[in-house]
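> Please find one structure pasted underneath; my questions will follow.
The values are calculated or read from the model by the stated rules, or taken from the named source; none is laboratory data. Everything numeric in this text was worked out from a predicted model, so none of it was measured. Cβ atoms come from the backbone with ideal geometry, glycine included; neighbour counts cover every protein chain shown. The protein model used for the area step is the full one, side chains on, heavy atoms only, and it has no ligands, DNA or RNA in it. Shrake-Rupley method; radii C 1.70, N 1.55, O 1.52, S 1.80 Å.
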Amino acid sequence: MKTYAIAGTGVRARYMFAKPIVQDWRETSALVGLYDANRIRAERLAEECGGIPVYDSFAEMLADSKPDVVIVATTDSTHHLYIIDALLAGCDVISEKPMTIDGEKCRAILEAERASGRKVIVTFNARYNPYVTRIKELLTEGAIGEPTHVLFEWNLDTSHGADYYRRWHRRMENSGGLLVHKSTHHFDMVNWWLGQDPLEVYAYGDRLFYGATREERGERCQGCAHAVGCEFYLDLSADPVLRAYYLEAEHRDGYIRDGCVFDESITIYDTMSLNVRYEGRKTMNYSLVSYSPFEGWRAVFHGTKGRMTAEVFTSGPRSDEPEQTIELHLHSGETLVERVPKRSGGHGGSDLLLQRRLFGPAMPDPLGHEADSMAGALSLCVGAAANRSIAEGRPIRIRELLEGGGESE
Ligand SMILES: NC(=O)c1ccc[n+]([C@@H]2O[C@H](COP(=O)([O-])OP(=O)(O)OC[C@H]3O[C@@H](n4cnc5c(N)ncnc54)[C@H](O)[C@@H]3O)[C@@H](O)[C@H]2O)c1
């Protein structure tokens with residue numbers, strides 16, 4: 001039996017960690033403490049989980065509940081505070097992605113892990129999606145020979161994508177922007193698929209859709225004069241979880257969950273494009289757009305023996321299809337089409353598979369699904385390097401972030 005304490009009790013902690021531990025993994029796991037900067041949210045979650053102790057400080061939670069493992073699900077820019085303190089207190093850590101948002105905090109985490117002898121796992125649930133896993137198997141088996149190039153396009157739609165402009169993610173200093181907050185998943189997938197490390201990044205980024213692009217805007221949806229007819233209007237009071245965890249808790253910390261997506265204080269990009277150079281002279285072209293009419297992604301791999309295409313639709317006209325296909329076209333003339341059935345559950349079934357690995361009995365890991373701190377570091381550093389490349393107009397080497405050297409971040 002392992003014991004877990006959670007820092008950060010928002011929606012992700014609620015549906016991914018706290019409720020599953022107490023409902024589905026009681027045989028192997030116990031939840032012993034909850035801490036959040038906003039105590040109201042922690043108390044709501046404690047109540048839903050059958051009365052877990054809530055603490056006023058993280059240090060008090062560590063000292064009193066003595067967890068084996070700390071789960072960190074706070075806002076991205078604060079992960080390092082809890083990861084480092086938990087490691088130095090002798091706990092292992094499960095960190096939500098991104099592990100952190102910049103090179104300096106990343107180096108501090110890696111150093112604390114080394115000094116403590118404890119372990120950080122980063123929750124890259126995307127790896128566990130059966131479709132993503134099948135791509136890893138095919139590439140590992142050499143289905144297209146040695147991979148040489150990846151074209152990777154990711155689109156967020158105006159429902160999911162817009163949500164990042166309503167709350168804390170909208171500011172670079174909180175989330176590192178979507179190139180860190182969101183793309184850390186995508187860069188991790190590519191790093192894992194290729195089994196090689198990224199070396200250098202050149203990027204462009206801009207804000208062309210959200211932010212101060214519309215005259216009819218307010219501060220937030222609640223009470224907004226433009227609510228009627230605004231396609232981005234969000235009624236927090238209509239959703240029981242959003243109401244209880246955010247609307248009714250906002251007087252405590254001022255966390256507004258329905259900020260206007262056209263607010264002029266938004267600093268993150270919505271349109272991003274990168275070139276990444278990998279070990280072994282492999283390259284990737286990557287783009288992320290967060291205002292697409294439908295959501296999904298497409299990856300085209302070229303290798304020494306042929307080409308492989310993968311495509312996923314998570315909203316829009318093709319999202320109802322029961323299976324996803326992977327197409328292979330080989331130089332030998334052979335064409336193969338693999339069909340991978342979709343799984344139900346959060347993030348294409350990947351959340352359940354990740355929970356099984358985190359909270360269930362130990363099991364083999366032949367493809368290396370479990371992501372360590374270096375996987376967390378390498379993927380966030382691609383995004384952080386991209387941010388710096390956009391700001392400075394030059395290619396950025398990943399080593400600049402991993403090793404530091406006086407740069408200002
Ligand atoms: N792997 C995935 O698919 C996935 C999906 C969603 C979110 N996430 C990650 O989970 C984390 C939480 O996201 P969320 O959507 O639940 O956000 P959220 O805003 O709902 O929750 C974040 C919580 O952190 C708390 N918090 C903020 N600053 C804090 C501080 N300094 N100390 C303690 N608590 C603090 C807030 O009060 C809030 O309750 C983020 O890192 C996010 O990237 C991962």
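> Based solely on its DSSP helices, what 222 nm [θ] is calculated for the chain when runs of n ≥ 4 H residues each add -39,500 (n - 2.57) and the sum is averaged over all residues, nearest 500 deg cm²/dmol?
Mean residue ellipticity at 222 nm (helix-derived): -8500 deg cm²/dmol.
> Turning to a different aspect of this structure: Show me the ranking of peptides 281-289, 7-15, 178-186 by mean Cβ neighbours inside 10 Å, starting with the highest.
Listed from highest to lowest mean packing, they are 178-186, 7-15, 281-289.
> Hey, another quick one. Quick one: the Cα spread of region 157-294 along its three principal axes, in angstroms, biggest first?
Result, largest extent first: 55, 31, 27 Å.
> Label-point separation (nm) for Glu392 and Val241, each offset 7 Å from Cα along Cα-to-Cβ?
So the label points at Glu392 and Val241 sit 4.0 nm apart.
> What dipole magnitude, in Debye to the nearest 20, does the chain give about its Cα centre under +1 on Lys/Arg Cβ and -1 on Asp/Glu Cβ?
About 520 debye.
> Still on this structure, I have one more. Indicate, rounded to the nearest 5 percent, the antiparallel portion of the DSSP beta bridges found entirely in the chain.
Beta bridges within the chain, antiparallel portion: roughly 65 percent.
> Something else: Determine, for each peptide in 140-147, 362-369, the mean count of other beta carbons within 10 angstrom over its residues, then list the peptides with the highest first.
140-147, 362-369
> So, one more: Give a residue-ordered list of calculated ³J(HN,Hα) values for region 233-239 (Karplus: 6.51 cos²θ - 1.76 cosθ + 1.60, θ = phi - 60°; whole Hz; x for Gly, Pro).
4, 10, 9, 4, 6, 7, 10
> Moving to a separate point now. Put +1 on the Cβ of each Lys and Arg and -1 on the Cβ of each Asp and Glu in region 256-345; which of Thr271, His331, Trp297 then has its Cα farthest toward the positive end of the dipole?
Of the listed residues, the answer is His331.
> Let me ask something else about it. Counting only heavy atoms of the protein chains, get the accessible area per residue of the chain (1.4 Å probe) and round it to a whole Å² value.
Heavy-atom accessible area per residue stands at 43 Å².
> Once you list every other residue whose beta carbon is under 12 Å from the beta carbon of Leu247, what net charge do they have if Lys and Arg are +1 and Asp and Glu are -1?
Charge balance near Leu247 sits at +1.
> For region 287-303 and region 1-54, what is the separation of their C-alpha centers, rounded to whole Å?
Centre-to-centre distance over Cα atoms comes out at 34 Å.
> Percent of accessible area on the chain owned by carbon and sulfur, 1.4 Å probe?
Answer for the chain: carbon and sulfur cover 49 percent of the accessible area.
> Give the aspartates and glutamates reachable from Lys97 as a straight Cα distance under 14 Å; neighbours fewer than 8 places away on the same chain don't count.
Asp76, Asp188, Asp351, Glu370, Asp372
> Which percent of Cα-Cα pairs in region 334-409 sits in each 10 Å bin, short to long?
Binned Cα distances yield the sequence 14, 28, 23, 26, 8, 0.
> Under a point-charge model restricted to the Cβ atoms of Lys and Arg (+1) and Asp and Glu (-1), what is the dipole moment magnitude of region 2-124 relative to its Cα centre, in debye to the nearest 20?
Roughly 240 debye for region 2-124.
> Taking every pair of alpha-carbon atoms in region 2-124, what share in percent sits in each 10 Å bin, from 0 to the bin with the longest distance?
Over region 2-124, the share of Cα pairs per 10 Å bin runs 15, 50, 31, 5 percent.
> Which whole-angstrom value gives the distance between the alpha carbon centres of region 214-261 and region 326-392?
When both Cα centres are located, 33 Å separates them.
> Hey, any idea what the orientation-averaged projected area of the convex hull of the chain's Cα atoms comes to, in nm²?
It is 20.3 nm².
> Per-residue counts of other Cβ atoms within 10 Å, averaged by peptide: what ranking do you get for 42-49, 326-333, 30-37, highest first?
30-37, 42-49, 326-333
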